[in-house]
């Protein structure tokens, strides 16, 4: 009887621990062009039902979703930025405590854990209870600290060399993740400076981050990149071209503080510039084909 009670107590404790991790996961994130997940699907479903969205409910925040969100925001007298933040969620009837975030690192960990027989769930990049238990079992088997935390030692044991995440990934992630920001910044760098020297790619990323910090521009990476008419690659769709590894590296370097431009807020290609306005800017430096400047 006592043995049976101990087994029940043990099972209850496991579910309690996993439940805590799962509850931590329930905090929703801000949604913008380029992210994907079940939370995006929910937004798409609502917008489709209300007649704003006509695309596929695929969980990918692309141009159709972006435009549908803007229409919804305009109709409901919200800030029209195409970003699904707290106010837009509230207007849509979506709770700020909702769904877990996707992580590329978690997806890679799941693939490895599944390959080695530790993980039986879907490869979805979401750190849920099954992933947590798989990580714990892997750590126990490999003589690591058993905490369910994908930190440096666990990453090393898993053979994950991703540098996109500077800290370990725990089963709780609130707001925009660093990986989301790196991916979006890399998309913009790729679209605007593909084929430019590496330092020029970092410089484009630095301009975007300089704008985020400047009072004249939106205060988020997504807001700056998707500001109307701000970047040609957004208008032409080049921002969605396959991202090169150098664009990812340039995004990380820019986020880590490297600014080859010396504080530039603008860049342009003199050979292609059509606007007379760009010639009123004060050039700081020319890198590759781009002139980096400020007002």
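The values are calculated or read from the model by the stated rules, or taken from the named source; none is laboratory data. Remember, predicted model here, so these are calculated numbers, not experimental data. Because the Cβ atoms are built from the backbone with ideal geometry, glycine has one as well, and the counts that use them run over all protein chains shown.
Exactly one residue among 226, 266 is closer than 25 Å to residue 63 by Cα and in contact with a strand residue (DSSP E or B) (Cβ under 7 Å, 6 or more places away or on another chain), and that residue is 266. Conditions: (1) modelled with pLDDT of 80 or more; (2) over 11 Å from the mean Cα position of the chain (by Cα); (3) surrounded by 13 or more Cβ atoms within 10 Å (Cβ to Cβ). Residue 184 meets all but one. Number of the miss? Failing condition for residue 184: (2). Give the residues of segment 229-248 that are under 20 Å from residue 272 (Cβ atoms) and either in a loop (DSSP other than H, G, I, E, B) or touching a strand residue (DSSP E or B) at 6+ places or on another chain (Cβ under 6 Å) (or both), sorted by residue number. The answer is 229, 230, 231, 237, 241. If the condition is being crowded, with 23+ Cβ neighbours inside 10 Å and free of Cβ contacts under 8 Å to residues at least 60 places away in the same chain, then segment 193-223 contributes 201, 202, 205, 206, 208, 221. Among the residues of segment 269-282, those identified as part of a helix (DSSP H, G or I), out of contact with any strand residue (DSSP E or B) (no Cβ under 9 Å at 6 or more places or on another chain) and within 16 Å of residue 229 (Cα to Cα) are 276, 277. Exactly one residue out of 70, 77 is outside the structural domain of residue 227 (by TED's automatic domain parsing), loosely packed, with under 15 Cβ neighbours inside 10 Å and at pLDDT 80 or above: that is 77. The residues listed here are 233, 247, 220; of these, the one that is under 23 Å from residue 34 (Cβ atoms) and modelled with pLDDT of 90 or more is 247.
Could you tell me whether segment 150-160 includes any residue that is at pLDDT below 70 and either surrounded by 14 or more Cβ atoms within 10 Å (Cβ to Cβ) or over 16 Å from residue 126 (Cα atoms) (or both)? For segment 150-160, residues at pLDDT below 70 and either surrounded by 14 or more Cβ atoms within 10 Å (Cβ to Cβ) or over 16 Å from residue 126 (Cα atoms) (or both): absent.
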